[in-house]
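Structure record follows, encoded as structure tokens.
What follows draws every value from the coordinates through simple rules; no lab data is involved. Since we're looking at a predicted model, the values are computed, not measured. Here the Cβ is made from the backbone with ideal geometry for all residues, glycine too, and neighbour counts use every protein chain on show.
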Amino acid sequence: MKTIAIKVPNEILGFLGSVSKEQEKFVLEAIKEKVNREKKRDLKTLLVEGYQATSAEDLEITKEFETADLENL
């Protein structure tokens, strides 16, 4: 683990002091939550791009199996 120095506005520092006695732990949890949200957002973006890139191919495959799907009705 590495140590970093950050500047924190006084109002945030005051709030941080009032909600947690373990400030380092609180800050690390907040950073982890933000990183996880960003990863999920990036994954969603990649999935959307992938679905859009293969949509024509997916539609073609669906049309190929359309008659087989109707046989089961």
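For the range 16-21, just list the computed ³J(HN,Hα) in residue order, Karplus coefficients 6.51, -1.76 and 1.60, θ = phi - 60°, integers in Hz, with x standing in for Gly and Pro.
Result, ordered by residue: 4, x, 7, 9, 8, 7 Hz.
Taking trypsin sites (Lys or Arg not before Pro) that fall in a DSSP loop and have at most 12 other Cβ atoms within 10 Å as cut points, what is the longest piece of the chain between them?
22-73
Would you be so kind as to identify which of 47, 31, 65 lies farthest towards the positive end of the dipole of the chain, taking Lys and Arg as +1 and Asp and Glu as -1 on Cβ and the Cα centre as origin?
The residue sitting most towards the positive pole is 31.
Taking the chain as a Gaussian network, Cα atoms linked when under 10 Å apart, which of 22, 38, 11 shows the biggest mean-square fluctuation?
Looking only at 22, 38, 11, the biggest GNM fluctuation is shown by 11.
For the chain, what is the charge dipole size about the Cα centre, in debye to the nearest 20, if Lys and Arg each add +1 at the Cβ and Asp and Glu each add -1 at the Cβ?
1020 debye
Here are labelled values, (i) 12.1, 40; (ii) 24.4, 69; (iii) 12.8, 45, and one is the computed Rg and Dmax of the Cα atoms in Å for what I pasted. Which one?
(ii)
Keeping to pairs on different chains or 8 or more places apart, tell me how many lysine pairs in the chain have Cα atoms under 19 Å apart.
12
With a cap of 10 neighbouring Cβ atoms within 10 Å, and only residues DSSP puts in a loop, list the chymotrypsin sites (Phe, Trp or Tyr not before Pro) found in the chain.
Answer in residue order: 65.
Would you calculate, for the chain, the mean residue ellipticity at 222 nm contributed by helices, counting each DSSP H stretch of 4 or more residues as -39,500 (n - 2.57) and dividing by all residues, to the nearest 500?
Result for the chain: -25500 deg cm²/dmol, rounded to the nearest 500.
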